[in-house]
Amino acid sequence: MSVNIDLAFTVTGVADEPQARELVGALEELMRDESLGGYVAIRVGVDDEGSFLVSGKNRFPLGISRFHLWQPHFEGLFAMTVADVAAAASPEITWGYPDEEC
């Protein structure tokens, strides 16, 4: 059975714009590998202190089968992808359940 999921994430502690752009590329590749390519918008931003960050959010609810098994798998891959590009960065994922919000 699949559930509708909202995915949002922020990666803070990114060193500079080149590292942020490299991280965007790596996360886009992860999204393609997990069959989410084109469904999640990823962008480079700057916080209030002028530090670079990378954030992303799904464009519409994602239908995920066996979410309870896939979620820890995805979170592990996400953390490894971030660490491979920006070891000092801090990733944070937020999950939403739009069907429960009605």
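Here are the numbers for this structure:
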{"read-out": "CD proxy at 222 nm, helix term only [per DSSP H run n ≥ 4: -39500 (n - 2.57); per residue of the chain; nearest 500]", "value": "-12000 deg cm²/dmol"}
{"read-out": "Relative contact order %, the chain, counting alpha carbon pairs below 8 Å whose residues are six or more apart", "value": "47 percent"}
{"read-out": "Ranked Met31, Met80, criterion: other C-beta atoms within 10 Å, fewest first", "value": "Met80, Met31"}
{"read-out": "Percent of Cα-Cα distances greater than 15 Å, calculated over the chain", "value": "61 percent"}
{"read-out": "Residue order, fewest to most beta carbons within 10 Å, for Arg21, Arg66", "value": "Arg66, Arg21"}
{"read-out": "Which of Tyr39, Tyr97 has the fewest Cβ neighbours within 10 Å, and the rest in rising order", "value": "Tyr97, Tyr39"}
{"read-out": "J(HN,Hα) series, segment 95-100, from Karplus relation 6.51 cos²θ - 1.76 cosθ + 1.60, nearest Hz, glycine and proline x", "value": "9, x, 10, x, 5, 7"}
{"read-out": "Student exercise, segment 52-102 dipole from Lys, Arg, Asp, Glu Cβ charges, in Debye to nearest 20", "value": "160 debye"}
{"read-out": "Euclidean distance between Cα centres, segment 56-70 to segment 4-37, Å", "value": "15 Å"}
{"read-out": "Karplus 3J(HN,Hα) series, Hz, for segment 79-94 with 6.51 cos²θ - 1.76 cosθ + 1.60 (x for Gly, Pro)", "value": "4, 5, 4, 4, 4, 5, 9, 9, 4, 7, 6, 10, x, 9, 10, 10"}
{"read-out": "Stretch in the chain that is longest and holds no GluC sites (Glu not before Pro) that DSSP places in a loop and that have at most 15 other beta carbons within 10 Å", "value": "50-100"}
{"read-out": "J(HN,Hα) series, segment 42-51, from Karplus relation 6.51 cos²θ - 1.76 cosθ + 1.60, nearest Hz, glycine and proline x", "value": "10, 9, 8, x, 10, 7, 4, 8, x, 8"}
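Quick note: the coordinates plus some simple rules give every number you see, no bench work behind them. Fair warning: this is a prediction, and the values are worked out from it, not measured in the lab. Reconstructed Cβ throughout: ideal geometry from the backbone, glycine too, with neighbour counts over all protein chains shown.
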